[in-house]
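A.B. asks: Dropping a structure here in structure tokens format, bear with me for questions.
Read-outs throughout are calculated quantities, based only on the coordinates presented, and are distinct from any laboratory measurement. Everything numeric here is computed off the predicted structure, so don't read it as measured data. Every residue, glycine among them, receives a Cβ derived from its backbone with ideal geometry; neighbour counts consider all protein chains shown.
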Amino acid sequence: MKTMTPTVAFCRHCQSEISSPAVQSISRTGSRTGPGVPLFCCAGCEAVHGILEKHGLTSFYQLRDANPPICAVPMQVAIEDMHRDYRAYDEPGFLKAASSDGNRVRFFLEGMSCSACVWLLEKLPDFCTDVISARVNMAASTIEVVRRPGGSFSFIATTLNQLGYKPHALKTDESTIRLQTRERRYDLIRIGISAALTGNIMIMAVSLYGGATGELAWLFQIVAACLSVPVLSYGAWPFYRSALASLRLRRLNIDVPIALAILVGVLTSVVSLARGGTDLYFDSLSMLVFLLLSSRFLLKSIQDTNLQATHLEDDLLVGTVEKEVRSGVWAETSASVLQIGDRVKIQVGSLVPIDGLVDSGFAKVNAAVLTGESANLNVSVGDVVEAGCRYVSGDSVLRVLKTPRQTRLAGILKETERLAETKSKFVHLSDLGAQYFIAIVFMLATGVVLFFFKANPAEGISRALALIIVTCPCVFGIAIPLSMAMAIRKAARRGVIIKSADAIEKLWSAQKVFFDKTATLTTGKMTVVRSCYSKQSDLGILRGLEQDQLHPIAQSLTRYATTEGAAAVQFQSIEKLATGGVSGFIDGFTYKVRPLPGSGINANFGLFQNERIIADFEVGDEIRPETFRVLTWLRKAGLETHILSGDRKPIVDQCAAKLGFSQTETRAQMTPEEKAKVIIASGSNSVMIGDGANDASAFAAASVGIAVHGSLDVSLRAADMYLTQPNLESIPALFQIARSAKSAIYRNLAFSASFNIAAGALAIMGEMTPLWAAVLMPLSSLTVLLSALFSSRQFQTLEART
Amino acid sequence: MNIIVLLLPIALTLAGGFAFAFVYSSARGQFDDLETPAHRMLLDSDIANESLKGQPHE
């Protein structure tokens, strides 16, 4: 038994707490260090720190520490992730898809959080020789990199990855991007012009309401009318267009009552002006158009996240392999040009891009991405390796059975796209509201006209028109987009990127939450879950033997020894054993680490000294530390939780038992196709949380798909939301944010309803004048606007307390 | 009244001038990215230069 007092210390790089029993600097030389020397939580963080130090970029830390409240995103880098293979980025096919001129590529980066990141990333040309210029766009979380002629994008991507910003190349469909930029600029111009004119119209309106008479009043009326022409035509154009489109589809949307109110208002005012009357609504209508345009723009610019399906490069169907060109001669080639029957070698650590038959040798592969199975599979001559498996170790030669476009994986991707396209059309709250709204207002207006039909038809019509104008549904047009925009922004701050406001509305009615197991509920990385050793020096031997091995289990053993504070023993030479494992010689002893035969769920490894076992370790996929807390929260919040895993039943059952899932809530050995089926069968209010390619179809089938940190590009494309932090902590926050947005919106609906009832009553009684409209309409808009803003502040303080 | 006839065009010209300036700068992409320049501006001055001390200036 070991008894050590826990010391609290923080990682120099990612600032996470180091809670291992003995805190020491874990520099690779193994030297113990005193105070003042940086401490690290893991080898990944240490490596990034090393890179920064080497290039004299350590002021990154000064910058970051200067804004702690903004930069709360942990930047932990797992050492396994640092060896990700980006060679596909050097292929001509990639350059064609991702670059307009062959030298300029945009990457979506994970983990960018504050000015320190901007500073570091824009310094890229200083320490990555292949880069000429780097330009960051923080709002979109992208970087545009220009390479020097002949530079390698795989090298650039690897550098970015090693710094802890996992890059995803974005397709540059030049025309789409140009179109989007132009649309954004046009929207801004529309808002600017509407604002300038509305401001000036207001000056006229105030003096008119203030009692201007005679020639002056006439002049001001004419000028105000002229100024409102561009606002109510050019400015309000998007509403007319959208209303028209929705009428053509015979589906009322929110723009129909808005466009109608504007048109009726303009007509009434023009007729009144021609007759020398005073029923002029130009000012109120212009103000309305300006407010509507602004709140829509806000929501639109926040929703534009670059992660839309059409923008992300597909990383699964490409890759580089070694192909036998003549007998015994191997050359690197792109997987996309492979033919059936080719003999290929796959690089250790990369994804297998083809379905292949093992021709010679043996290998270990991991199918977690494809099936969710966490354990490695041993394959030998005659076995088939499916595309999407990660090649863990071995020296086998594969014969191509199916090219990248023909594999089951490619089929899953196609199915995912099909499901995403046919995702049931969703009726927005605002559109639903608009339908009731129109029905009520028109019934009232007809009632008013009929009531006055005999006595005074003109008066009846004027009252009905006033009713339609003043009850314009600004809550749907202004408060809903605004509340949604606030929620998306808040979620982004908590580490969730939300692709569209629809997903928030869908979260309100969520009833079932489905979790993938591997890499979602668990870390997806091999970890030592049980150990048995007598001396600290045994761990030093273990670390010395394993620290330079790339195998995930070797890395997990190294990580364990390091966090336990063991200094590596320096071996002269280390040999790999043919049966798996390594051996080394020092001080007259031969030490070996090799697998132990076992029947358990997890793999066991023993440390041998001259063939005598001195320590043993059990390695498995560990459950994330926060998983249980998150699940408890969700269950308390009234949600049903389920496991939907592709892993083997005993492993899933063990995990389910630990996390309190009942038998009926646990499904194991699911294929990707079955996952999607279960979700479709479970009804429309399901949320899927997962990571792998095997979850992509499920994301598309679920009403909300949430991809966890480190997901594949294909999952990012299919999901509606994406976690930017490597944990599940943000999921409860996400539900809270969605629910608080809902209550804010309903409160605003109540506000707006009371305003509209008051204004409607005035109009029906014939008391409605343009002055009343000018006071009531902006007041109603302003109330809902402030209420939407205020609700967020209340929420933040509530969060700070808990 | 006469003064209004003079002031009104002046006010409108002023407003028009600002509106034009806004349209011009939007069309040239001044407002495409509203977040990053704010950070970049902070960096170019103090700490960033400090870290380059001792290195030859480009």
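A.B. asks: Can you tell me what percent of all Cα-Cα pairs in the range A:320-404 are more than 22 Å apart?
C.D. replies: 15
A.B. asks: So what is log10(I(q)/I(0)) for the range A:334-453 at q = 0.12, 0.13, 0.18 1/Å, when the Debye sum runs over its Cα atoms only?
C.D. replies: Here the Debye-derived log intensity ratios amount to -0.55, -0.61, -0.90.
A.B. asks: Between A:GLU324 and A:ILE132, what length comes free when the chain is fully extended (0.36 nm per residue of separation minus the Cα-Cα distance, one decimal in nm)?
C.D. replies: 65.5 nm
A.B. asks: Counting other Cβ atoms within 10 Å, which GluC sites (Glu not before Pro) in the range A:621-690 have at most 16 and lie in a DSSP loop?
C.D. replies: Qualifying residues, ordered by number: A:GLU626.
A.B. asks: Can you give the three extents of the C-alpha atoms in the range A:629-775 along their principal axes, from longest to shortest, in whole Å?
C.D. replies: Principal extents (largest minus smallest coordinate, Cα): 75, 31, 31 Å.
A.B. asks: A:LYS636 label point, 7 Å along Cα→Cβ, cut-off 18 Å on backbone N: hits in the range A:648-665?
C.D. replies: Under 18 Å, as judged by backbone N against the label point of A:LYS636, lie A:659-661 of the range A:648-665.
A.B. asks: Across the residues of B:31-40, average count of Cβ atoms on other protein chains within 10 Å?
C.D. replies: 6
A.B. asks: Could you size up the charge dipole of the protein assembly as shown around its Cα centre, putting +1 on the beta carbon of Lys and Arg and -1 on that of Asp and Glu, and report it in debye to the nearest 20?
C.D. replies: The dipole magnitude comes to about 1260 debye.
A.B. asks: Related question: How crowded by other chains is A:186-194, given as the mean number of beta carbons from other chains within 10 Å of each beta carbon?
C.D. replies: For peptide A:186-194, the averaged partner shielding equals 4.
A.B. asks: Now a separate question. Compute log10 of I(q)/I(0) for the range A:694-749 with the Debye formula, placing one identical point scatterer on every Cα and leaving out solvent, at q = 0.19 Å⁻¹, to two decimals.
C.D. replies: So the normalised log intensities work out to -0.71.
A.B. asks: Still on this structure, I have one more. Taking the Cα centre as origin and putting +1 on Lys and Arg beta-carbons and -1 on Asp and Glu beta-carbons, what dipole magnitude results for the range A:320-404, to the nearest 20 debye?
C.D. replies: 100
A.B. asks: PRE reach from A:TRP508 (point 7 Å along Cα→Cβ): which of the range A:712-727 fall under 20 Å by backbone N?
C.D. replies: Only A:720-721 fall inside the zone, counting backbone N under 20 Å.
A.B. asks: Counting alpha carbon pairs within less than 8 Å and at least 6 residues apart, what relative contact order, in whole percent, applies to chain A?
C.D. replies: 12
A.B. asks: Relative contact order for the range A:320-404 using alpha-carbon pairs under 8 Å, separation at least 6, rounded to a whole percent?
C.D. replies: About 37 percent, as a whole number.
A.B. asks: What number, in percent, do you get for the relative contact order of the range A:516-558 if the mean sequence gap of Cα pairs under 8 Å and at least 6 apart is divided by its residue count?
C.D. replies: Here the relative contact order equals 41 percent.
A.B. asks: Can you give the average number of partner chain beta-carbon atoms within 10 Å of each beta-carbon in peptide A:361-369, as a whole number?
C.D. replies: 0
A.B. asks: Separation of the range A:686-728 and the range A:218-261 by C-alpha centroid, Å?
C.D. replies: Cα centroid of the range A:686-728 versus Cα centroid of the range A:218-261: 40 Å apart.
A.B. asks: Also, quick follow-up: Using r as the Cβ-Cβ distance of A:ALA274 and A:SER301, and R0 as 56 Å, what FRET efficiency do you calculate, to the nearest 0.05?
C.D. replies: The formula returns an efficiency of 0.85 here.
A.B. asks: Additional query: Taking R0 as 35 Å, what FRET efficiency do you get between A:PHE453 and A:LEU216 from their Cβ-Cβ distance, rounded to the nearest 0.05?
C.D. replies: Computed FRET efficiency for A:PHE453 and A:LEU216: 0.35.
A.B. asks: So how do A:THR446, A:THR371, A:THR724, A:THR213 line up by other beta-carbon neighbours within 10 Å, fewest first?
C.D. replies: A:THR213, A:THR446, A:THR724, A:THR371
A.B. asks: Let me ask another. Using 10 Å bins from zero, what percent of all Cα-Cα pairs in the protein assembly as shown falls into each bin?
C.D. replies: Bin by bin from 0 Å, the calculated values are 2, 11, 18, 21, 18, 12, 8, 5, 3, 1, 0, 0.
A.B. asks: A further question on this structure: Fewest first, what order do A:PHE661, A:PHE10 take by the number of other Cβ atoms within 10 Å?
C.D. replies: A:PHE10, A:PHE661
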